[in-house]
Structures are given as C-alpha cells and as structure tokens.
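Quick one: the structure is below, and I'll ask about it shortly.
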Amino acid sequence: MAKPAESPALLLENSLRSERIHSAYLISGAGEAPLSAALSFARGLVCESDPAEPRPCEACPACRRSQPAEEPIPLAAGDTKGPRFRQIGDHADLYWIERAPKNSQVRIDQVRELHTALSRRSHGGGRRAAIIADAQFLNASAESALLRLLEEPPSDTSIILVAPVATKLMITIRSRCVRVTFPAEESRVLRGHDADPSVAEVVEKLDGLGRLGLSDLIEWAEDYKGDRGQMAESVDFMLAVAGDWLSERIRDEANQMGQVPPERLDAYKTLLHCRQELTRRNASPQMTAERSLFALRSALSR
Ligand SMILES: [Zn+2]
C-alpha cells in the first residue's frame with residue numbers, strides 16, 4: 001500500500017526530531033495553521049530538550065524565552081525610527097519580520113537589517129531562525145535582498161517564509177526553500193453548489209490545471225466531441241464552473257495581495273467571450289473548450 005503523504009506539521013516535527021534542518025522553508029496555506037506551524041518550528045529549533053522529545057518542550061529556559069509576547073512591539077513603518085524586525089519573545093536568536101502596521105509591503109530595509117543581524121554570530125552559540133510572516137507582501141526589491149540572504153545562508157540558521165499562496169513569491173526564492181504546504185480552504189464554488197458531483201469533478205480538474213501540458217488540454221477538450229447540442233451544453237456548464245472558480249481565485253488574490261495579475265482578468269474575459277460564441281454563434285464546443293482551457297492555463301502559469 002502506498003505510504004500516506006506526510007502531514008505538513010508532521011513533516012516539520014520529523015525534521016526537528018531527525019535534526020535534518022534546512023536553511024530555508026516556505027510554509028503556505030490558508031488560515032492560521034502555516035504561521036503557527038512556523039512559530040512552533042522556529043521555537044523547536046532553539047529548544048534545549050532532548051531531540052527525541054517533542055519540541056518546543058515549553059519547559060526549558062529557551063522555550064520560556066521564546067514564548068511570543070502578548071503585546072509584541074509594533075515594527076516601524078517607512079521612514080520612521082524604530083525596529084525593522086523583532087525577536088520572538090525575548091529570545092535573542094529568533095527573529096520575526098512582518099508588515100509594519102502602516103505599510104502595505106514588507107520592505108527592503110527590514111530584510112537588510114535582518115541580514116546584517118544574521119551576519120553576526122549567534123548569541124547562544126546554537127541554531128537561529130527568522131520567520132518572515134506576510135511573505136506575500138515582500139516587494140520586488142525586498143525579494144531581491146532576501147534572495148541574496150538565501151544564496152549565502154548563514155550557518156545554523158533557518159529562514160522560514162510564510163504566505164497563503166506560495167506562487168506569489170519569485171521562483172528563484174521558492175526553489176531555494178523546502179516547501180511545506182497546508183491545504184487551501186475548501187472551494188466556495190463547491191460549497192455554493194452543495195457539492196454537486198459534476199461540479200466537483202470540474203473543480204478537481206481545474207485545481208490540477210497548472211500541472212497539465214498542452215496535449216493534456218487538447219485531450220480534455222476532445223471529451224466535448226460529438227452531438228453539438230449536448231456538447232455545447234456540457235461546455236457551457238464547464239465554462240460557468242470555471243468562471244466561478246477563477247473569480248474565486250481573483251477575489252482571494254485581491255484580498256491577500258492587494259492586486260490581481262492582469263493575465264487572470266484577461267482569462268476571465270476570454271471565458272465570458274467563449275460562452276457567448278458558444279451560445280450565440282454556434283462555435284464548435286470542442287474548439288471553445290480548447291481555447292478556454294489554454295487561456296486559463298496560461299493565466300495560471302504566471
Ligand atoms: Zn524547550
């Protein structure tokens with residue numbers, strides 16, 4: 001029997017237990033789970049208990065120091081004076097970066113100051129970790145600065161990026177990180193249709209779209225070969241679900257990142273246009289499906 005896939009939290013726990021620690025992690029997924037996993041992992045890295053025991057142990061001096069403060073010091077915004085990063089609790093070897101309250105982005109000066117701090121020796125002589133919460137808000141120059149840090153990682157130091165959607169980060173950053181992926185939230189498209197099995201089937205295929213090659217898309221569109229009336233109805237249904245599915249992604253991106261790549265909006269327009277061609281101009285269902293799937297696929301690959 002195939003071994004079940006390791007759960008994301010377990011993956012980090014096993015990494016602590018076996019002491020196979022990497023210099024960079026990217027933890028992604030919906031809700032609070034990715035951030036709390038990152039925090040627990042960072043605290044586990046500096047915990048002083050036996051590696052065979054679960055870490056953080058919450059009892060050793062390091063764990064007492066790394067307890068997050070109830071009211072953490074806010075980071076300084078833009079040009080104002082104040083901290084660019086803070087410690088986790090008051091542990092000198094655990095660092096934390098997030099968006100400053102008045103900023104829309106994680107800034108380059110924050111990453112640079114972290115880099116400078118990490119280029120010094122570790123305070124306790126052991127492992128260190130830095131969490132970059134809100135990594136989806138790193139702006140382009142901050143990402144380049146981060147890349148330099150990841151290219152020459154300080155010894156015994158782990159950088160832990162946390163973002164709801166991993167693909168928002170530059171591919172050169174992603175490729176240097178061990179990826180830990182928590183599941184995305186259940187699709188609202190599915191919930192909206194009370195899990196109609198034919199909707200579920202289309203959504204499942206759309207979720208895997210990014211992994212499909214062009215020949216797979218052509219094959220998918222070939223499912224719509226045959227009686228025109230019937231097939232036009234099937235394609236129209238697929239396009240309606242795809243439209244809901246895409247607009248859900250667009251809304252999520254707008255909420256999480258404050259912007260939507262123009263390719264997504266273009267693909268949405270193409271979907272609408274294809275539906276019109278299908279119903280008003282008797283376009284071929286198979287060709288319409290192919291055209292829409294190509295548009296979706298190329299919008300998602302960016
Ligand atoms: Zn401990």
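The values are calculated or read from the model by the stated rules, or taken from the named source; none is laboratory data. Note that the structure is predicted; figures quoted are calculated from it, not measured. As a convention, Cβ positions derive from the backbone with ideal geometry for all residues, glycine included, and neighbour counts pool all protein chains shown.
Suppose we filter the range 282-295 for residues that are part of a helix (DSSP H, G or I) and surrounded by fewer than 22 Cβ atoms within 10 Å (Cβ to Cβ); how many remain?
6
Collect the residues in the range 106-129 that are without any contact (Cβ under 8 Å) to a residue 12 or more places away in the chain and over 29 Å from Asp79 (Cβ atoms), keeping them in residue-number order.
Arg121, Gly125
Report, by residue number, each residue of the range 106-129 that is touching a helix residue (DSSP H, G or I) at 6+ places or on another chain (Cβ under 6 Å) and within 19 Å of Leu39 (Cα to Cα).
Residues satisfying the conditions are Val106, Val111, Arg127, Ala129.
Do any residues in the range 224-238 that are surrounded by fewer than 13 Cβ atoms within 10 Å (Cβ to Cβ) have Cβ atoms under 6 Å from those of residues that are polar (S, T, N, Q), where the two are at least six apart or on different chains, and which pairs are they?
These pairs meet every condition: Lys225/Gln286.
Also, I was wondering about something else. Give the residues of the range 40-59 that are more than 8 Å from the ligand (Cβ to nearest atom) and either without any contact (Cβ under 8 Å) to a residue 24 or more places away in the chain or outside the structural domain of Asp90 (by TED's automatic domain parsing) (or both), sorted by residue number.
Listed by number, the residues that qualify are Asp50, Glu53.
Taking the range 106-143 as the search range and keeping residues that are more than 18 Å from Ala166 (Cβ to Cβ) and polar (S, T, N, Q), which one is surrounded by the most Cβ atoms within 10 Å (Cβ to Cβ)?
Looking at the filtered set, the residue picked out is Gln110.
Could you identify the single residue in Leu12, Leu39 that is in a helix (DSSP H, G or I), of a type outside the set (Asp, Glu) and at pLDDT 95 or above?
Leu39
Would you pick out the residues in the range 265-281 that are without any contact (Cβ under 8 Å) to a residue 24 or more places away in the chain and either outside any helix (DSSP H, G or I) or not charged (D, E, K, R) (or both)?
Just the residues of the range 265-281 that are without any contact (Cβ under 8 Å) to a residue 24 or more places away in the chain, to begin with: 265, 269, 273, 276-277, 280-281.
Correct list: Leu265, His273, Gln276, Arg281.
A further question follows. Given (1) out of contact with any helix residue (DSSP H, G or I) (no Cβ under 9 Å at 6 or more places or on another chain); (2) at pLDDT below 90; (3) farther than 28 Å from Ser247 by Cβ, where does Asn103 come up short, assuming only one miss?
Among (1) out of contact with any helix residue (DSSP H, G or I) (no Cβ under 9 Å at 6 or more places or on another chain); (2) at pLDDT below 90; (3) farther than 28 Å from Ser247 by Cβ, Asn103 violates only (1).
Which residue out of Ala295, Ala267, Ala240 is over 30 Å from Asn103 (Cα atoms) and more than 26 Å from the chain's Cα centre (by Cα)?
Step by step, each of Ala295, Ala267, Ala240 is checked, and only Ala240 is over 30 Å from Asn103 (Cα atoms) and more than 26 Å from the chain's Cα centre (by Cα).
Just to verify a result, which residue in the range 60-98, among those that are in a loop (DSSP other than H, G, I, E, B) and within 9 Å of the ligand (Cβ to nearest atom), is surrounded by the fewest Cβ atoms within 10 Å (Cβ to Cβ)? Walk me through it before giving the result.
The first filter runs over the range 60-98 and keeps only residues in a loop (DSSP other than H, G, I, E, B), leaving 60, 66-85, 89-90, 98.
Next cut, within 9 Å of the ligand (Cβ to nearest atom) only: 60, 66.
Working: Cys60: 17, Ser66: 25.
Checking each candidate, the answer is Cys60.
Residue pairs, Cβ under 9 Å, 6 or more apart or interchain, first in the range 81-97 and free of Cβ contacts under 8 Å to residues at least 24 places away in the same chain, second outside any strand (DSSP E or B) and acidic (Asp, Glu). List them.
Cβ pairs passing all conditions: Pro83/Glu113; Arg86/Glu98.
Sticking with this one: Applying the selection to the range 147-174, what residues are part of a helix (DSSP H, G or I), out of contact with any strand residue (DSSP E or B) (no Cβ under 8 Å at 6 or more places or on another chain) and under 14 Å from Ala117 (Cα atoms)? Walk me through how you get there before you give the answer.
Of all residues in the range 147-174, those part of a helix (DSSP H, G or I) come to 147-151, 166-168, 171-174.
Subsequent filtering for residues that are out of contact with any strand residue (DSSP E or B) (no Cβ under 8 Å at 6 or more places or on another chain) retains 147-148, 151, 167-168, 171-172.
Correct list: empty.
Considering only residues that are over 19 Å from Glu58 (Cβ atoms), in a helix (DSSP H, G or I) and at pLDDT 90 or above, which ones fall in the range 15-36?
Pro34
For the range 119-143, give me the residue count where each residue is in a helix (DSSP H, G or I) and closer than 17 Å to Glu98 by Cα.
Residues in the range 119-143 being in a helix (DSSP H, G or I) and closer than 17 Å to Glu98 by Cα: 7 in total.
Which of the residues that make up the range 14-39 are more than 14 Å from the ligand (Cβ to nearest atom), surrounded by 14 or more Cβ atoms within 10 Å (Cβ to Cβ), over 18 Å from the mean Cα position of the chain (by Cα) and of a type outside the set (Ser, Thr, Tyr)?
The one that is more than 14 Å from the ligand (Cβ to nearest atom), surrounded by 14 or more Cβ atoms within 10 Å (Cβ to Cβ), over 18 Å from the mean Cα position of the chain (by Cα) and of a type outside the set (Ser, Thr, Tyr): Ile21.
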